Amino acid sequence: MTRYIFIAGGVMSGIGKGVSTASIGAILSSSGFRVSCVKIDPYLNVDAGTMNPVEHGEVFVTDDGLECDQDIGNYERFLDQNLYRANYMTSGQVYQTVIDRERALEYEGKCVETVPHIPEEIIGRLERVALRTKADFVLIEIGGTVGEYQNLIFFEAARMMHLSLPSRVLFVLVSYLPVPEMLGEMKTKPTQHAVRQLNASGIQPDIIIARSTVPLDLPRKRKIAIFCNIREADVISAPDIKSIYEVPVNFEKEKISARIFEKFGIRAQKPDLANWVRLARRISTLKKSVSIGIIGKYFATGRFTLSDSYISVIEAIKHAAWSLGVRPDIRWLDAEHFETDKRALRELNAHDGIIVPGGFGGRGIEGKIRAIRFARENSIPFFGLCYGMQLATIEFARTVAGLKNACTTEVDPKTAHPVIATMEEQEKNIAAGKFGGSMRLGAQPCQLRKGTASQRAYGENTITERHRHRYEFNNRFREELERAGLVIAGVNPERNLVEIVELKKHPFFVGTQFHPELKSRPFRPHPLFHAFLRAARKRAESK
Ligand code: GLN
């Protein structure tokens, strides 16, 4: 008896549909229900792995190796639950399945049509999630905004599902109410239009989440109710707040769970959000701060700075910092500055910790390498994530081990010292032009070396972490680099691949081939981020 809740967005993107979905999920699960979430992305890419981060934002990776939208990360963080391939769907996947099936004669000679065959495939996928997870609620976030051509077919699937299961399907519209400065008044018209658009697809929202800079007042609530054909109680006021982790509590102040339970006709225990209340209180009362510099290159779009490309890194920093009682002050540092401006390096001293996150290609890497050297030589806590670990290895090889011009073959295929290189299987993928879904992906085991900073941080000997990369530490150079002082703190036991490098005699200098940020949760900060932030806090305190 799974119930399905579709969540769609109105007026514009970026208003927090993903966080709204995740928060409703957190509320329902705190009432004792099993919840699963599905993200639908209407684009034709089969997964998110082939897109540029500036275009798409972070590519999240699940345990089973799916490269997907960052919203899956929000769901995992809010539900404190691992999600899998089945929790993510794109138009590309759906069409590919239907076309493959047609080629295999599985439609038995019928004309295969966009409607009903595509929506049927969509519905089938959602029902399989329900079956596999035995969820009481499956929440489905439809990407994009109401009124777009791209996501229409998913609304059609939602409508068909509601038709066949009227008492088990609900629609939530997350909409935006602008308060134009020259008017000084909140306007409901764009939301009215969004609802009309939904109506045109045969869908009436059951609940409207009214996003705005400020809370909704009674006259606005009434207006939305009348013009959008909905009860006042079903309009949830959702003003801007400081932290996304306050959203579950704020939704529940508006009694969202009671609305959902009433509509489905179920009796349920009241949600217990005590841990969310505590977290929100904790966040709002932090006084001391630590300054963390993230050296990246995926954040400039025209005149605007985007942090979406590194969202899990940011969240992981916050989780660890909050648990240590400090407020993280995150600064974006453009890698290319360090290539052109000598003074920029010295400014790194102002930070309590430096992170070099994941990345691809040659742009900015020399700047990152210089910054890593500065952090190493000046005892600034350093944490390298994936590409950050590879570049730390290159820096060490060049400066400490004397391997001049050491590089990754990703950037310099002819380097004399390829300390980072591909494995054979990846050579084949590259030669064949097979780039989609073909990196080393998903959860892999890692054996930790006793006595290392990483092993102490985890307090365990074997861990699993998520990967997404094509290049690796080249074992040909392992002995030489170890002799020069590089510590190999973690190794993949099955394939003997280096997963963690460290340095001794440094407050914190750790690089991981995997992406620890993907497994950090608000109530369970990641051990390595925790250790990194602790070192950063110590530096901040000693200033
Ligand atoms: N570009 C590197 C590789 O493919 C690192 C990837 C990453 O940082 N995710 O191996």
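Compute the Rg to Rh ratio over region 117-256 from the alpha carbon atoms, using the Kirkwood formula for Rh, and round to two decimal places.
Ratio of gyration radius to Kirkwood radius for region 117-256: 0.99.
Using amide H atoms built in the peptide plane, which far-off residues or other-chain residues are under 5 Å from residue 330 H to H?
292
Please compute the Cα-Cα pair-distance distribution of region 96-189 with 10 Å bins starting at 0, giving whole percents from short to long.
Percent of pairs per bin, in order: 13, 34, 28, 14, 8, 2, 0.
Could you compute the net charge surrounding residue 445? Neighbours are other residues with a C-beta less than 11 Å from the C-beta of residue 445; K and R count +1, D and E count -1.
Net charge around residue 445: -2.
Order the peptides 514-525, 216-227, 406-417 from the highest to the lowest mean number of other Cβ atoms within 10 Å of their residues.
Top of the packing list down: 514-525, 406-417, 216-227.
5 Å is the cut-off here: which amide hydrogens, built 1.01 Å from N in the peptide plane, fall below it relative to residue 12, excluding neighbours closer than 5 in sequence?
176
Nearest 20 debye, what's the magnitude of the dipole of region 179-249 about its Cα centre given +1 on Lys and Arg Cβ and -1 on Asp and Glu Cβ?
With only Lys, Arg, Asp and Glu charged at Cβ, the dipole is about 220 debye.
Determine ³J(HN,Hα), in whole Hz, for all residues of region 117-125 in sequence, where each value follows from phi through the Karplus function 6.51 cos²θ - 1.76 cosθ + 1.60 and θ = phi - 60°; x replaces Gly and Pro.
5, 5, x, 4, 5, 4, 4, x, 5
At 37 °C and 0.692 mPa s, what whole-number value in µm²/s does Stokes-Einstein give for the translational diffusion of region 139-212, with Rh from the Kirkwood sum over Cα pairs?
D, rounded to a whole number, is 246 µm²/s.
Quick one: grab the alpha carbon gyration tensor of region 277-386, order the square roots of its eigenvalues as a ≥ b ≥ c, and give me rounded if a/c is under 1.5, else prolate or oblate depending on whether a/b is larger than b/c.
prolate
How much net charge surrounds residue 402 when only the other residues with a Cβ under 12 Å from the Cβ of residue 402 are counted, with Lys and Arg +1 and Asp and Glu -1?
+2
Where Lys and Arg each count +1 and Asp and Glu each count -1, what net charge lies around residue 509 among other residues with Cβ under 10 Å from its Cβ?
Neighbour charge sum, excluding residue 509 itself: +2.
Would you please report the Å³ per residue occupied by the convex hull of the alpha carbon atoms in region 381-485?
Cα convex hull per residue, to the nearest whole number: 117 Å³.
Would you kindly work out the equivalent ellipsoid of the chain from its C-alpha gyration tensor and give its semi-axes, the square roots of five times the eigenvalues, largest first in whole Å?
For the chain, the semi-axes come out at 43, 28, 21 Å.
What is the percent carbon and sulfur in the accessible area of region 29-136, measuring with a 1.4 Å probe over the protein chains and ignoring ligands?
Reported share for carbon and sulfur atoms: 49 percent.
Where both partners of a DSSP beta bridge lie in the chain, what percent of those bridges are antiparallel, to the nearest 5?
Antiparallel: roughly 35 percent of the beta bridges in the chain.
May I ask you to evaluate 6.51 cos²θ - 1.76 cosθ + 1.60, the Karplus curve with θ = phi - 60°, for each residue of region 34-40 and list the ³J(HN,Hα) values in order in whole Hz, giving x for glycine and proline?
8, 10, 10, 10, 10, 9, 10
Tell me, what is a quarter of the convex hull surface for the C-alpha atoms of region 352-412, in nm² with one decimal?
3.8 nm²
Pairs to check: 39/187; 242/263; 242/288. Give those whose C-alpha atoms are more than 21 Å from each other in this structure.
39/187; 242/263
Over region 448-543, what number does the Rg to Rh ratio reach, with both radii from the alpha-carbon atoms and Rh per Kirkwood?
Radius of gyration over Kirkwood radius for region 448-543 works out to 0.98.
Determine the per residue accessible area of region 373-462 with all protein chains present and a 1.4 angstrom probe, expressed in square angstrom.
Roughly 44 Å² per residue, with all protein chains present.
Calculate what fraction, in whole %, of the accessible area of region 397-543 sits on carbon and sulfur atoms when a 1.4 Å probe is rolled over the protein chains.
47 percent
Can you show me the helix-derived [θ] at 222 nm for the chain, built from DSSP H runs with n ≥ 4 at -39,500 (n - 2.57) apiece and divided by the number of residues, rounded to the nearest 500.
Using -39500 (n - 2.57) per qualifying helix, the result is -11500 deg cm²/dmol.
Give me the 1.4 Å probe accessible area per residue for region 97-147, excluding ligands and nucleic acids, in Å².
Solvent-accessible surface per residue comes out at 54 Å².
The values are calculated or read from the model by the stated rules, or taken from the named source; none is laboratory data. Because the structure is predicted, anything quoted here is derived from the model rather than measured. Because the Cβ atoms are built from the backbone with ideal geometry, glycine has one as well, and the counts that use them run over all protein chains shown. Just so you know, the surface numbers come from the protein's heavy atoms only, side chains and all, with ligands and any DNA or RNA stripped out. Shrake-Rupley method; radii C 1.70, N 1.55, O 1.52, S 1.80 Å.
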